[in-house]
Structures are given as C-alpha cells and as structure tokens.
Amino acid sequence: MSFYQILLFLHSWLRWAVLLTAIWVIVRSFRGWQMGLHFKKSDNATQVAFVGMMHLQLLLGLLLYFVFSPFGLDAFAQGTKVVMKTAVLRYWAVEHIAVMLIAVVLAQIGRTKSKRARAEKQKFKHAFTFFLISFLLMLTRIPWHESARLFRSF
Ligand code: HEM
C-alpha cells in the first residue's frame, strides 16, 4: 500500500464527513435565521467542525495535487494542450482543484463573516448563504459517476 493510496483513501472518505456536516450546518443556520433562534455554542462548534474539515480536505488535496497524484500537476508534463483536450486530465488537474479551492474560500468567508457579525440573525444568515454556495459547488466537482471512487477501499 503506497502513501498515495492512503491519501486518496482519506481524501475520498473525508468527503462524506464534509458533505454531511455541511448539510447539518446549513439546516441549522437556515432554521436559526428564519426562526430567530439564539446562536448557541453548538452552532459555533458545528461551523468550526465544517470549516476545519474543509481545511483538512484542502491540505490532503494539495498533497495529492502537487506531490502524489499523476492527475495533478504532474499531468502538465504532457503539455497544457493535452491536459485541456483530455477530459479526465482536465477534470482533475484543472476543474476539481479550481472549484474546490473556491468552495474552501467561500466556507472560510462565511465563517469569518458569521463570527464577526453582532446580530444573531446575521450570524446565521452569513453562514447559511456562504456554506450553501460552497456545498453546491462541491457537489458539482465530485466524481459521482465513478463507482470505484464512491466508497473507496484499499
Ligand atoms: C474541499 C473539498 C473537496 C472534496 C469534497 C474533494 C473530493 C474528492 C473526491 C471525492 C475525490 C476522489 C477520491 C477517490 O478517488 O476516491 C478527490 C480526488 C482528488 N482531489 Fe479532491 N476534494 C476536495 C478538495 C480538493 C482540493 C482543494 C484539491 C487540490 C488542491 C483536491 C485534489 C484532488 C486530487 C489531486 C484528487 C485525486 C485524483 C487522483 O489521483 O485520482 N481536492 N477529491
């Protein structure tokens, strides 16, 4: 078993934790915003968990992209034209990283805006808006059609 396989395994399974926590925090934020609830410690903790996992996913992704994966930066050794013309290479070497980076940045912006907001309603609203967009972006660049990548095993 190589380090590449271990990283891919972790990155693959962490996806489920990220997505489930995202749904959880989005629903909580929506309810809090619409029902005018009190912003509790548990709301803060759920946000920290979501954004923390996004950062961890980013770190694993960066390691894959720049060091271990043949579909990351390595792919450009074949030439940019080849990467852009080959769907699978373009997907991993360009689209996945670009969209996921935006998703991580939006999650962080949502967290910062929510933390800084004074009014509780605003805390929920910022979290809901940014986390929802981040979540939807992530959904668009997860390879759902590749069954071997869905529940990866060694
Ligand atoms: C933040 C949310 C992210 C999610 C939910 C996510 C999800 C995934 C999933 C599901 C896979 C397929 C894993 C498998 O083959 O079983 C994957 C692969 C990969 N991801 Fe991400 N990813 C994220 C962020 C990133 C980022 C930010 C980068 C780059 C900096 C990145 C780089 C890669 C690379 C290089 C692969 C592997 C391609 C391969 O060698 O097969 N990911 N990602």
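The values are calculated or read from the model by the stated rules, or taken from the named source; none is laboratory data. Because the structure is a prediction, the values reported are computed rather than measured. All Cβ positions, even for glycine, are placed from backbone atoms using ideal geometry, and neighbour counts span all protein chains on display. Side chains included, ligands, DNA and RNA excluded: accessible areas come from the protein's heavy atoms. Shrake-Rupley method; radii C 1.70, N 1.55, O 1.52, S 1.80 Å.
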| remark: Scanning the range 117-150 for residues that are closer than 12 Å to V25 by Cβ and either within 11 Å of the chain's Cα centre (by Cα) or of a type in the set (A, V, I, L, M) (or both) gives A127, F131, L132, S134, F135
| said: Name the residue that is most open to solvent (accessible area, probe 1.4 Å), counting only residues in the range 117-146 that are touching a Lys or Arg at 6+ places or on another chain (Cβ under 6 Å) and over 17 Å from W16 (Cβ atoms). | reply: H126
| query | D43 is checked against (1) away from the ligand (no atom under 16 Å from the Cβ); (2) out of contact with any Asp or Glu (no Cβ under 8 Å at 6 or more places or on another chain); (3) farther than 24 Å from I133 by Cβ; (4) in contact (Cβ under 8 Å) with a residue 60 or more places away in the chain and fails just one. What number does that condition carry? | reply | (3)
| field | the range 23-37 residues that are open to solvent by less than 60 Å² (accessible area, probe 1.4 Å), paired with ones that are not in a helix (DSSP H, G or I) (beta carbon under 7 Å, 6 or more apart) | value | G32/F39
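With in contact with a helix residue (DSSP H, G or I) (Cβ under 8 Å, 6 or more places away or on another chain) and outside any helix (DSSP H, G or I) as the only criterion, which of L14, L37 stands out? Full working, then the answer.
On the way: L14 fails: outside any helix (DSSP H, G or I).
Step by step, each of L14, L37 is checked, and only L37 is in contact with a helix residue (DSSP H, G or I) (Cβ under 8 Å, 6 or more places away or on another chain) and outside any helix (DSSP H, G or I).
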| query | Taking into account only those residues within the range 71-116 that are among the β-branched types (V, I, T), farther than 30 Å from F30 by Cα and part of a helix (DSSP H, G or I), which is least open to solvent (accessible area, probe 1.4 Å)? | reply | V83
| message | Which of the numbered conditions does F66 fail, given that it passes all the others? Conditions: (1) crowded, with 17+ Cβ neighbours inside 10 Å; (2) in a helix (DSSP H, G or I). | response | (1)
